[in-house]
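Take a look at the structure set out below.
The values are calculated or read from the model by the stated rules, or taken from the named source; none is laboratory data. Computed from a predicted model, the values in this text were never measured in an experiment. Cβ placement follows ideal geometry from the backbone for every residue including glycine, while neighbour counts extend to all protein chains displayed. All accessible areas refer to the heavy atoms of the entire protein, side chains included, with ligands and DNA or RNA removed. Shrake-Rupley method; radii C 1.70, N 1.55, O 1.52, S 1.80 Å.
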Amino acid sequence: MKVAVVGAGAIGAYVGAALHRAGAEVHLIARGPHLAAMRRDGVRVLSPRGDFTARPAATDDPSDVGPVDYVFLGLKANSYAVSGPLVHPLMHARTAVIAAQNGIPWWYFHGLAGPYTGRRLNSVDPAGSVSATLPPERAIGCVVYAATEIEAPGVVRHLEGTRFSVGEPDRSVSRRCLDFSEAMVAGGLKCPVEPDLRNDIWIKLLGNISFNPISALSRATMGQICRHPDTRALVESMMRETLAVAAAVGCRPEISVERRIAGAERVGDHKTSTLQDLEKGKPLELDVLLAAVVELASLAGTPVPTLRAVHALADLLATTSSAPAGSAP
């Protein structure tokens with residue numbers, strides 16, 4: 001098995017190190033000091049489950065790698081449309097693209113029977129730009145339940161969780177999913193093949209759609225949001241509206257709002273990825289987390305007043321935070 005990890009950051013390098021440990025041929029695509037450190041010293045994983053070092057190949061030029069069996073995308077979803085120069089040199093006729101993203105993926109209605117079959121969501125696939133770069137038939141969905149961070153160049157701190165659920169858009173249990181799952185398990189990770197990954201997508205999205213924009217707007221941690229009565233009530237309202245949208249498009253994940261909030265509260269004073277991106281001046285990954293669900297609500301005729309209000313504020317924040325000082329949004 002030959003795998004290229006495009007965007008070998010905290011999650012990508014962790015997955016690449018595990019697959020290399022399992023015996024796969026792994027190529028990490030990265031840049032800067034992190035790439036230099038991985039080339040020199042390999043990927044050092046620090047984990048409560050045991051530290052280890054892996055030495056997969058690492059480069060900034062995918063043409064050095066050539067076609068692979070799997071491309072594991074560790075990029076932010078808002079860069080998928082422009083990822084062609086990184087991804088296309090890695091493709092052969094059967095290359096699968098495993099997108100480890102949060103939120104609603106560009107392939108959401110691909111292969112899904114029902115009234116929205118093949119429908120494209122403009123919020124996550126504007127003018128079909130993502131589908132043109134990453135054809136939906138190549139996609140394998142992936143929902144990440146692991147927390148990692150780059151502690152230093154070439155050093156990944158694994159904080160918690162080892163589950164990477166994967167699944168086909170058309171709900172089949174394919175050979176390509178099973179082969180990838182087996183390699184991940186051999187590398188020490190959990191990788192169930194889910195007949196309907198959309199349930200996992202919505203369950204994880206419940207937290208992302210509420211805590212991420214609220215944390216960016218308030219600069220608060222997850223624990224602080226949960227302990228404040230009014231923002232806790234706001235999170236609950238956003239989650240209930242999200243579940244209504246999921247049901248309207250044919251998905252009913254089995255999760256209680258109260259349990260989801262309690263789980264987030266146990267995480268404590270953790271900054272969401274959106275707040276971290278805001279503090280670092282990076283683009284905010286809100287289209288797949290929030291705008292897509294508002295678009296789905298419009299498509300299905302589901303009222304989501306709380307989601308719409310938070311989306312308006314978060315979208316303004318994303319616009320103004322990326323604008324040069326003193327310029328008009």
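Quick rundown of the values:
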| quantity | calculated |
| --- | --- |
| Within region 56-83, tally of residues that are surrounded by 14 or more Cβ atoms within 10 Å (Cβ to Cβ) and over 23 Å from Gly167 (Cα atoms) | 7 |
| Qualifying position, being at pLDDT below 95, closer than 29 Å to Tyr80 by Cβ, of a type outside the set (A, V, I, L, M) and open to solvent by less than 30 Å² (accessible area, probe 1.4 Å), among Thr272, Thr242, Thr302 | Thr272 |
| Region 110-150, residues that are of a type in the set (S, T, N, Q) and under 15 Å from Arg171 (Cα atoms) | Thr117 |
| Filtered residues of region 248-261 (kept if open to solvent by 30 Å² or more (accessible area, probe 1.4 Å), within 22 Å of the chain's Cα centre (by Cα) and among the hydrophobic types (A, V, I, L, M, F, W, C)) | Ile255 |
| Any hit, region 159-170, residues being in a loop (DSSP other than H, G, I, E, B) and among the polar types (S, T, N, Q) | no |
| Residues being touching a Phe, Trp or Tyr at 6+ places or on another chain (Cβ under 7 Å), modelled with pLDDT of 95 or more and of a type outside the set (D, E, K, R) - total across region 117-139 | 8 |
| Candidate set from region 1-13 (those that are open to solvent by less than 10 Å² (accessible area, probe 1.4 Å) and of a type in the set (Gly, Ala, Ser)); member that is farthest from Thr95 (Cα to Cα) | Ala13 |
| Extreme residue, modelled with the lowest pLDDT, among residues of region 148-172 that are under 30 Å from Cys251 (Cα atoms) and of a type in the set (Val, Ile, Thr) | Thr148 |
| Only one of Val82, Val71 that is under 17 Å from Ile11 (Cβ atoms) and not charged (D, E, K, R) | Val71 |
| Boolean, Arg227 is open to solvent by 40 Å² or more (accessible area, probe 1.4 Å), without any contact (Cβ under 8 Å) to a residue 40 or more places away in the chain and closer than 28 Å to Arg171 by Cα | no |
| Ala220 open to solvent by less than 40 Å² (accessible area, probe 1.4 Å) and closer than 30 Å to Ala22 by Cα | no |
| Residue identified as among the hydrophobic types (A, V, I, L, M, F, W, C) and either touching a residue at least 12 places away in the same chain (Cβ under 8 Å) or outside any loop (DSSP other than H, G, I, E, B) (or both) among Ala58, Ala93 | Ala58 |
| Residue that is modelled with the highest pLDDT, among those in region 275-299 that are within 18 Å of the chain's Cα centre (by Cα) and open to solvent by 50 Å² or more (accessible area, probe 1.4 Å) | Asp287 |
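For every residue, the table says whether it meets (1) open to solvent by 40 Å² or more (accessible area, probe 1.4 Å); (2) closer than 21 Å to Ser79 by Cα.
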| site | (1), (2) |
| --- | --- |
| Leu112 | no, no |
| Thr117 | yes, no |
| Asp125 | no, yes |
| Val130 | no, yes |
| Ile140 | no, yes |
| Ile150 | yes, yes |
| Glu160 | yes, no |
